[in-house]
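This report refers to the structure that appears directly beneath it.
The values are calculated or read from the model by the stated rules, or taken from the named source; none is laboratory data. Bear in mind the structure is a predicted one, so any value in this text is a computation, not a measurement. Cβ placement follows ideal geometry from the backbone for every residue including glycine, while neighbour counts extend to all protein chains displayed. Side chains included, ligands, DNA and RNA excluded: accessible areas come from the protein's heavy atoms. Shrake-Rupley method; radii C 1.70, N 1.55, O 1.52, S 1.80 Å.
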Amino acid sequence: MKAMVLRQAHEPMTLEELARPEPGPGQLRVRVETCAVCRTDLHVADGELADPKLPLVLGHQIVGVVDAVGPGTDAEVGQRIGIPWLGWTDGDCRYCRSGRENLCDFARFTGYHLDGGYAEAAVAAARFCLPLPHEYSSLQAAPLLCAGLIGYRALRLTGEAEHLGLYGFGASAHLIAQVARWQGRRVFAFTRSGDTSGQAFARSLGAEWAGGSDDVPPEELDAAIIFAPVGELVPTALRALAKGGVVVCAGIHMSDIPTFPYELLWGERIIRSVANLTRQDGREFLELAPRVPVRTQVEPFPLAAANEALDRLRAGKITGSAVIVIGS
Ligand SMILES: [Zn+2]
Ligand SMILES: [Zn+2]
């Protein structure tokens, strides 16, 4: 099979011919149709995350059709499924036992510890694969699998917040803004300053106000979700936050957070991160998405152009989500 292989961080991936993987016990194999690009892929390629498997096939928003199953696997050949970031957990540590498998001490992640979807085929543990809503084409469904799922988990952690700020209007925010509007919340979008097309994009998806990240929104925020990997945004978001509000950091990596005066946190303001996802998050969001309905804005790339997709994401040039299209 053809795959884009990361041999070393800081180096471009190379298009290689690899042996097609065989599914082991409890695993299935898919013929990959699409795989959306996540900012986490960029953090791995840029050496900002500590322990990827190398060489590695990136990609954890995989839409594929099952073409082989291993022993003891309850999946049907021909079924279209999604393979998300959470690739495996032990099911037995104190986090797994308390409904927090996203925090599992022994979790293995797709496109990080396990080969992912920038390839013609991928294997995955069947019990972590997700059914996909039939309303979505494989191109449109791929970004739901991390941008959507993690964004949804971050949104849930904002509780009942009515005034919601979204910092960084990329793959996740463009989906979550639609869910938030549908839930009756008011959305305020923050982009890189001067990114007027990003701000227009945010308004087209229901943000009532869009501005640069240093701009003061017209109303105090009850919650802010930071999707951009920029630690400076934490005190910036705290400044925009009403008492009792929460700042949710939704990325897996962020530059250092600068020191800030305690009065920004005073008034029961909260800063928290969101880590990974549970299968329950996945099932809930994929059931919700067609009801909203969440529309995904995608920019397709052929497999051989995966490096270009990462470069454009790094430069902030993707509107919505980049998706690698492999077969269909
Ligand atoms: Zn991701
Ligand atoms: Zn565990």
Against the 2.2 N^0.38 Å rule of thumb, the C-alpha Rg of the chain sits at a ratio of 0.97
Among ASN307, VAL292, GLY320, the residue whose Cα sits farthest towards the positive end of the charge dipole of the stretch 247-320 (+1 at Cβ of Lys and Arg, -1 at Cβ of Asp and Glu, taken about the Cα centre) is VAL292
What is the magnitude of the charge dipole of the stretch 15-127 about its Cα centre, with +1 placed on the Cβ of each Lys and Arg, -1 on the Cβ of each Asp and Glu, and no other charges, expressed in debye to the nearest 20? 340
If each part is reduced to its alpha-carbon centroid, the stretch 66-106 and the stretch 4-63 end up apart, in Å, by 17
For the chain, the longest principal axis of the Cα atoms and the Cα long axis of helix 171-182 enclose an angle in degrees, to the nearest 10, of 60
I need to check one value: relative contact order of the chain, counting alpha carbon pairs closer than 8 Å and at least 6 residues apart, in percent. 20
Determine the dipole magnitude for the chain: charges of +1 sit on the beta-carbon of Lys and Arg, -1 on that of Asp and Glu, nothing else is charged, the reference point is the Cα centre, and the result goes in debye to the nearest 20. 440
Rounded tilt (10° steps) of 279-288 against the dominant C-alpha axis of the chain: 70
Are there any chymotrypsin sites (Phe, Trp or Tyr not before Pro) in the stretch 243-326 that are in a DSSP loop and have at most 11 other Cβ atoms within 10 Å? List them by number. TRP266
FRET efficiency for LEU54 and LYS2, using Cβ-Cβ distance with R0 set to 22 Å, rounded to 0.05: 0.70
Roughly speaking, what is the centre-to-centre gap between the stretch 110-177 and the stretch 247-305 when only Cα atoms are used, to the nearest Å? 10
Given a 1.4 Å probe, how much area per residue of the chain is accessible, in Å²? 43
Let's see if you can work this out: charge +1 on each Lys and Arg Cβ, -1 on each Asp and Glu Cβ, no other charges. What is the dipole magnitude of the stretch 66-164 about its Cα centre, in debye to the nearest 20? 260
Ranking MET13, LEU28, TYR95 by how far each Cα lies towards the positive end of the charge dipole of the stretch 1-120 (+1 on Lys and Arg Cβ, -1 on Asp and Glu Cβ), the top one is TYR95
Where the accessible area of the chain is counted over protein heavy atoms with a 1.4 Å probe, how much of it, in %, is carbon and sulfur? 49
Just to be sure I understand the model, the point goes 7 Å from the Cα along the line to the Cβ. What's the resulting HIS113 to ARG291 distance in nm? 3.3
Accessible-area order (highest first, 1.4 angstrom probe) of the listed residues LYS317, LYS243, LYS2: LYS243, LYS317, LYS2
